[in-house]
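To keep things clear, I will list the structure first and then write my remarks on it.
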Amino acid sequence: MLRESRTVFSIKMKLNLQENGFKNVGLLIKPNKAKKLKDKIDYFFKNNLNLGPAVNIKNLAKSQMFLNGESRKKFDKEKIYLNKLDFEKGTKFIRKMTNGVSIKQPILNLPELINICTDLKVVSTVQKYFQTKNLYIGYVKVRRFFKNRLPEFDTNFFHYDDNGKNLVKLVLYLNNINTKNDGPFVYVINSKTNKPKIKQNKINKYMIPEKEVSKFYGKKLVKEAYGAAGTGFLADTIGFHKGVKNTSKDRYVVYINYVTTREYKGKGENLKISSRHLKLLKKNQQKLFKFFEVV
Ligand SMILES: [Fe+2]
């Protein structure tokens, strides 16, 4: 009886940022717009334009598969990242070397993202969540993840982000993510404030093994995010999350970080926005780009 009522609860449970740290915001852009963005990313790949960085997984030891951005800084950059010569060999080559490649300066190179970043529904939801109007975009990442035979790496494992105190990520799919093989984003509900105290078996400060997640939270709290191209999700990524490695096809995702203070206390890379685009925005939208360099 108890089991039954629990099941009903889980089906009816409407996920929202306030209570669960996770929300499906539905279609943020129409699928044809998502396709146009994806095509533009493919064009960059075809012409080796605006690409980088990408970790050279082939050059890493097995024990380095868990390394996050910060700990990678200790290593020789030349060995960790694919270099110019590698990129010149083309997509066929690099897709065998790395899990994914980011687009450089995404707001300059894909200005259509500005409308998505400033989406009123998204911005007001996050403002309400943090109970402040002082909301900013901390970082934007556009990534193409390759279908390949490389092992799971970095954010394919459950972790929580260390970028700052307040962080909500918008995860926007640019291709359909319908099955586990397509590589859904996965969020562990209620995991921001409720984390297991693991002494052994912890991978690093921010990362725990899959089996510890299932043991502590149970399957019902592990939410896989499925949606058509153009669908967005908001997640408080100070809670546990990961991206499943895609094995069916390449996966295209835009990540937008909403913060209240500068990420990594301002030590990270500065993103740029052109003054031409900034001027077109309303004052309250312009404010979101406070941490950007205007060029
Ligand atoms: Fe993350």
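The values are calculated or read from the model by the stated rules, or taken from the named source; none is laboratory data. Only a predicted model underlies this, so the values are computations on that prediction, with no experimental measurement involved. Neighbour counts run over all protein chains shown; Cβ positions are idealised from the backbone, glycine included. Quick note on the areas: whole protein, heavy atoms, side chains included, nothing else; ligands and nucleic acids left out. Shrake-Rupley method; radii C 1.70, N 1.55, O 1.52, S 1.80 Å.
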Revision key, fill the gap. Highest GNM mean-square fluctuation among ASP39, ASP182, ASP236, for the chain with Cα springs under 10 Å, belongs to ASP39
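If you keep only loop residues by DSSP, which GluC sites (Glu not before Pro) in the stretch 219-271 have at most 15 other Cβ atoms within 10 Å of their Cβ?
Numbers: sites: GLU224, GLU263, GLU269; in loops: GLU269.
Sites meeting the loop and neighbour criteria: GLU269.
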Exercise for review: Return the ratio Rg/(2.2 N^0.38 Å) for the stretch 103-233, where Rg is computed over Cα atoms only.
Suggested key: 1.17
Check your understanding: Roughly speaking, what is the centre-to-centre gap between the stretch 38-53 and the stretch 221-279 when only Cα atoms are used, to the nearest Å?
Key -> 19 Å
Exercise for review: Could you list the trypsin sites (Lys or Arg not before Pro) in the stretch 209-273 that lie in coil according to DSSP, counting only those with at most 13 other Cβ atoms within 10 Å of their Cβ?
Suggested key: LYS267
Check your understanding: Non-local amide H neighbours of SER274 (under 5 Å, H modeled in plane, Pro and chain starts lacking H): which ones?
Key -> VAL295
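Sum -39500 (n - 2.57) across every DSSP H segment of at least 4 residues in the chain, then divide by the residue count to get the 222 nm mean residue ellipticity, nearest 500. Please report the intermediate quantities before stating the final value.
Values: 13 runs with 85 residues, N = 295.
Estimated from H runs of four or more residues: -7000 deg cm²/dmol.
Over the chain, with the other protein chains present, what is the accessible area per residue in square angstrom, probe 1.4 angstrom?
Per residue, the chain has an accessible area of 54 Å².
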Check your understanding: Given springs between every Cα pair under 10 Å in a Gaussian network model of the chain, which of ASN134, ASN166, ASN190 has the largest fluctuation?
Key -> ASN134
Review point. Based on Cα positions only, what radius of gyration and what Dmax would you give for the chain, in angstroms?
Key: 18.9, 63
Review point. In nanometres, what is the gap between the two model label sites at LYS147 and LYS92, each 7 Å from Cα along Cα-to-Cβ?
Key: 1.8 nm
Revision key, fill the gap. Extend 7 Å from the Cα of LEU49 along its Cα-to-C-beta direction; within the stretch 271-285, residues with backbone N under 20 Å of that point are 272-277
**Study point:** Karplus-derived HN-Hα couplings along the stretch 167-174 (A = 6.51, B = -1.76, C = 1.60, θ = phi - 60°), whole Hz, x at Gly and Pro
**Key:** 8, 10, 9, 9, 10, 10, 7, 9
Study note, to complete from the structure: Which of THR247, THR193, THR179 fluctuates most in a GNM of the chain (C-alpha springs under 10 Å)? That residue is THR193
Exercise for review: Any chance you could list P(r) for the stretch 208-260, counting all Cα-Cα pairs in 5 angstrom bins from zero, rounded to whole %?
Suggested key: 4, 12, 24, 24, 18, 15, 3, 0
Revision key, fill the gap. Magnitude of the Cβ-charge dipole (Lys and Arg +1, Asp and Glu -1) of the chain about the Cα centre, nearest 20 debye, reported as 120 debye
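Once whole DSSP H runs in the chain are found, which of them have Cα atoms spread over 18 Å or more along the helix axis and a mean Kyte-Doolittle score of at least 0.5?
Working: long enough: 31-46 (22 Å, -1.32).
Length and hydropathy pass: none found.
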